[in-house]
There are 2 protein chains.
Amino acid sequence: MKDEDFASFAKKNHFIWGPEPEIYGGSAGLYSYGLNGKLLKNKIENRFREIFILNDFWEIETPLITPEAVWNASGHLEKFVDKILVCSKCNSMVRADNFIEKQLKIDASSFTDKKILETVTKKNLKCPRCNGRFLEEVRHFNLMMKTNLGFEDAYIRPETATTTYLPFKNFYDFFRKKLPFGVFQIGKAFRNEVSPRQNILRMREFTQAEAQLFIFENEKNKFSKIKNILEESLPLIPVKARKKRNATIKQALKEKWILNKALAWAIWLSYEYALSLGIPKNRIRFRQHAKEEMAHYAEDAWDLEVRTENYGWIEVIGNHDRGNFDLKQHGKFSGQNMSAEGKVPGIVEIAAGIDRLFFCLIENSYVSENVNGRKRAVLKFKPKVAPIQAAVFPLQLKDKLPELARKIYLDLKNFFPGFTIIYDEAGSIGKRYRRMDEVGTPFCITIDYDSLKDKDVTIRDRDSMKQKRVKIIDLPAVLSVGLSK
Amino acid sequence: MKDEDFASFAKKNHFIWGPEPEIYGGSAGLYSYGLNGKLLKNKIENRFREIFILNDFWEIETPLITPEAVWNASGHLEKFVDKILVCSKCNSMVRADNFIEKQLKIDASSFTDKKILETVTKKNLKCPRCNGRFLEEVRHFNLMMKTNLGFEDAYIRPETATTTYLPFKNFYDFFRKKLPFGVFQIGKAFRNEVSPRQNILRMREFTQAEAQLFIFENEKNKFSKIKNILEESLPLIPVKARKKRNATIKQALKEKWILNKALAWAIWLSYEYALSLGIPKNRIRFRQHAKEEMAHYAEDAWDLEVRTENYGWIEVIGNHDRGNFDLKQHGKFSGQNMSAEGKVPGIVEIAAGIDRLFFCLIENSYVSENVNGRKRAVLKFKPKVAPIQAAVFPLQLKDKLPELARKIYLDLKNFFPGFTIIYDEAGSIGKRYRRMDEVGTPFCITIDYDSLKDKDVTIRDRDSMKQKRVKIIDLPAVLSVGLSK
């Protein structure tokens with residue numbers, strides 16, 4: 001599915017609207033989840049909940065607005081900046097590192113301000129828009145959005161992670177002073193990107209699901225949960241190996257590709273999650289960060305990447321060993337004791353981008369088929385991940401068909417509380433099938449005249465398009481089987 | 001439960017932490033949901049989802065950050081302000097209307113700036129802190145939190161409602177140009193309260209669940225869903241009647257207490273929701289707003305109020321007939337056509353405060369009992385609303401008891417995907433019971449030595465404290481019955 005196709009397909013089918021607010025012309029980097037989109041997004045988030053709770057993580061919810069002190073400690077105030085060059089003539093701005101990289105084909109990501117200005121002068125770099133000279137200064141543009149609490153400066157969080165570290169002492173009490181333990185948070189984060197782009201891939205407001213494992217540094221290699229998964233295979237690109245290797249976790253640890261067992265388990269868990277959503281195995285790989293590329297807090301980092309048609313491999317879930325940087329910093333800056341048994345615990349993080357998973361799911365599930373000379377667009381979601389699990393249609397709007405259909409619809413809704421069942425009576429059956437194909441509904445149930453006397457209905461399968469008759473009384477059982485996948 | 005008791009009880013049991021971030025001294029009006037609190041909050045939100053989806057509403061999710069133009073149109077930039085008096089001596093600030101009301105026992109909520117200053121001079125009002133004179137100006141303090149999108153001014157939304165109105169044209173397409181239709185949004189909203197107070201009742205960051213029914217003005221009194229609920233009784237305090245009247249909906253409409261059928265249905269739906277959470281009938285009433293009290297957009301307003309021990313009756317859900325103010329304003333300011341069939345639709349709103357429901361649920365469920373001369377604190381939640389539905393305990397940490405307990409725990413977890421089951425092995429059984437009582441867990445399951453040979457376990461009921469033996473194989477069925485309440 002092409003980039004532009006994605007935007008128009010997602011808009012037309014009420015997955016994603018934007019840039020929002022549309023009626024006011026839209027603001028770059030803001031999108032809404034429409035009526036079908038929100039159903040899918042909830043399922044992606046709830047799947048995260050299920051898997052992480054099953055693996056002994058607990059959920060919390062902290063404020064999004066945070067006083068300045070927090071971001072001083074975390075390093076975000078100083079380091080979470082884009083360096084900007086401003087044109088002296090037309091005032092337009094470019095991000096220095098990207099611009100230099102594009103012009104000179106060199107990596108400028110670690111350039112100091114001085115080095116940037118020297119490079120601009122030496123290579124005589126000019127404004128790409130008007131060819132004017134740049135001002136002789138590098139502006140620091142912090143990506144955090146600033147606001148106020150009362151009259152004091154505050155920031156809207158740029159990640160959930162840091163806000164999940166702050167209540168460490170409360171976790172420690174809850175888990176009765178016994179490490180390791182896991183906590184996660186699903187919520188919004190905000191970055192004032194200089195150039196938001198690629199629809200929901202780089203937004204100014206986005207949703208993260210980030211799980212944090214608190215574990216002593218010297219326990220990371222004794223992590224007992226690793227035992228059950230040593231023989232599982234992962235598609236890894238270790239920095240050392242320089243290319244993709246399908247290796248068992250045992251092997252990856254033996255070769256010292258992955259820093260420790262706790263991180264290996266985290267990588268495996270992120271894989272489990274992505275696969276359970278229905279992202280195909282052959283579209284997933286784990287890329288290890290090189291030293292230069294790693295964030296200031298990271299000791300080892302492995303991105304779960306998904307191959308997209310538009311942008312190639314993109315980062316979707318980041319798995320990081322953060323050492324004990326975070327708790328150390330917050331202990332130092334707050335003056336509070338952030339240690340346990342005299343040691344400051346480390347953290348292993350699994351940070352998923354919910355919007356990116358959403359994008360990948362739609363892009364990877366999209367199939368355009370030719371059926372009897374007509375194009376059929378269909379999203380082949382896993383049945384239980386689809387926004388809508390089943391749709392109930394009355395064949396006609398008369399002779400008690402809508403009444404029976406509505407009764408079946410309500411019964412199914414009550415029977416499947418975690419699933420989404422809808423009722424639709426508008427347009428021909430063919431039209432209704434096509435609408436449901438485009439949003440990936442695995443089962444359509446039609447109530448026709450035979451239903452009235454034979455007490456049976458037609459179930460139509462999304463992928464095979466085959467229809468079969470099923471007794472109304474057997475519907476829950478038949479759907480249960482189909483939806484268990 | 002007393003105010004202070006609530007805060008310490010909620011903190012101790014990991015429901016609510018704060019003011020957050022605690023380790024940095026805390027910022028007024030910011031709180032976190034702890035590990036037990038988040039479980040309960042999710043259940044309150046999911047109950048809203050279930051009930052509103054069952055009543056044909058659809059969910060969406062819009063950005064929280066919104067360009068200035070939106071709040072110009074909605075009236076929030078102009079009207080969402082507190083008027084402030086500043087002391088010339090000590091610089092402290094007071095909210096003018098509250099201050100005058102407190103000092104002179106008169107309602108000052110509609111005073112102009114001029115009237116405020118006149119009153120201060122005439123009555124010689126002084127700073128309550130240092131007795132200094134006030135500056136001769138009234139400052140307007142907008143409650144919206146300001147931030148930036150790129151370099152442009154933007155605001156963090158002070159309510160979800162307005163952000164739900166903006167995509168009206170997309171809804172209209174989705175519902176195939178057929179009104180009425182309903183849409184809801186659950187999410188954060190932000191208000192820079194001058195004096196946040198009462199724990200989670202008046203926060204700077206809070207969660208709303210707001211449902212919007214889009215309906216033509218002239219259809220509001222023909223709303224067909226009213227038919228099934230005409231005989232339902234509601235505890236109403238109509239402005240006309242000046243006191244509480246238990247009336248059927250039919251009667252309330254006949255007496256013209258409630259403006260129209262659509263609003264009456266909304267009021268009933270909010271009642272259904274509150275009751276389904278387990279708030280007792282005798283603690284709920286609907287108070288109609290007098291004309292002077294209504295927000296600038298409202299044509300009729302009925303607050304669902306809950307009686308609390310600390311603060312008396314408090315507003316928890318607001319039901320408003322907003323006329324067609326909102327779509328008209330956004331049509332005018334955006335220059336877009338916000339009409340359907342040539343008319344601008346009206347809106348009936350059900351606006352629930354999730355944090356307030358949370359507070360009321362804990363406060364109303366709390367019971368302190370004397371059991372054998374010892375205090376037992378217990379939260380008597382409805383079983384399916386409780387944060388944790390069941391806890392599984394091994395009697396001892398040896399002889400394969402933990403293994404069997406853990407197996408039962410995992411089986412139950414898989415059997416009840418929508419519910420929360422936990423495993424706890426720390427401390428004596430009595431201690432574990434007490435912990436579960438304090439967070440309102442209806443069922444505790446203990447695995448003992450008899451369990452190994454007889455394949456049965458003990459189930460202990462939270463409210464009666466009675467224990468009974470149940471075969472392991474029958475556990476899902478027995479719990480299903482208990483948890484259906």
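What follows draws every value from the coordinates through simple rules; no lab data is involved. Bear in mind the structure is a predicted one, so any value in this text is a computation, not a measurement. Backbone-built Cβ (ideal geometry, glycine too); neighbour counts: all protein chains shown.
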Could you tell me whether segment B:146-248 comes out rounded, prolate or oblate from its Cα gyration tensor? Rule is a ≥ b ≥ c as square roots of the eigenvalues, rounded for a/c under 1.5, then prolate if a/b exceeds b/c, otherwise oblate. oblate
What's the center-to-center distance, using Cα atoms, between segment B:431-485 and segment B:186-204 in Å? 39 Å
What residue in chain B has the Cβ closest to the axis turning B into A, and how close is it in whole Å? B:Thr147, 2
Round to the nearest 0.05 the FRET efficiency obtained for B:Ser464 and B:Lys244 when R0 = 51 Å and r is the Cβ-Cβ distance. 0.90
In which sequence would A:His296, B:His330, A:His289 go, from the one with the fewest C-beta neighbours within 10 Å to the one with the most? A:His296, A:His289, B:His330
How many angstrom separate the Cα center of segment A:297-359 from the Cα center of segment A:372-398? 39 Å
Over chain B, what is the relative contact order in whole percent, taking alpha-carbon pairs under 8 Å and six or more residues apart? 12 percent
Per its Cα gyration tensor (rounded if a/c is under 1.5, else prolate when a/b beats b/c, else oblate), segment B:397-440 is best filed as oblate
I need the inter-copy label distances for B:Gly26: point set 7 Å along Cα to C-beta, values in nm with one decimal, smallest first. 4.5
Angle between chain A longest axis and helix A:35-54 axis [Cα atoms, degrees, rounded to 10]: 70 degrees
Inter-copy spacing of B:Lys256 label points, which lie 7 Å from Cα along Cα→Cβ, given in nm from shortest upward: 8.7
Free-by-geometry Cys in the protein assembly as shown, Cβ-Cβ under 4.7 Å as pairing rule, reported as A:Cys360, A:Cys444, B:Cys360, B:Cys444
Along the dipole axis of the protein assembly as shown (charges at Cβ: +1 for Lys and Arg, -1 for Asp and Glu; origin at the Cα centre), the most positive-end residue among A:Ser233, B:Asn364, A:Leu149 is A:Ser233
Rg(Cα) of the protein assembly as shown divided by 2.2 N^0.38 Å? 0.98
Per residue of chain A, what 222 nm ellipticity follows from adding -39500 (n - 2.57) for every DSSP H run with n ≥ 4, rounded to the nearest 500? -9500 deg cm²/dmol
Given label points at 7 Å from Cα along Cα→Cβ, what nm distances, shortest first, separate B:Glu272 from the same residue in every other copy? 3.9
Any idea how far the Cα center of segment A:1-49 sits from the one of segment A:243-279, in Å? 31 Å
Sort B:58-70, B:86-98 for me by packing, meaning the mean count of neighbouring Cβ atoms within 10 Å per residue, highest on top. B:58-70, B:86-98
Interchain or long-range residues, amide H under 5 Å from B:Arg202's placed H: B:Arg197
Is segment B:12-66 best put as rounded, prolate or oblate by its Cα gyration tensor, with a ≥ b ≥ c the root eigenvalues, rounded for a/c under 1.5, and otherwise prolate when a/b is larger than b/c, oblate when not? oblate
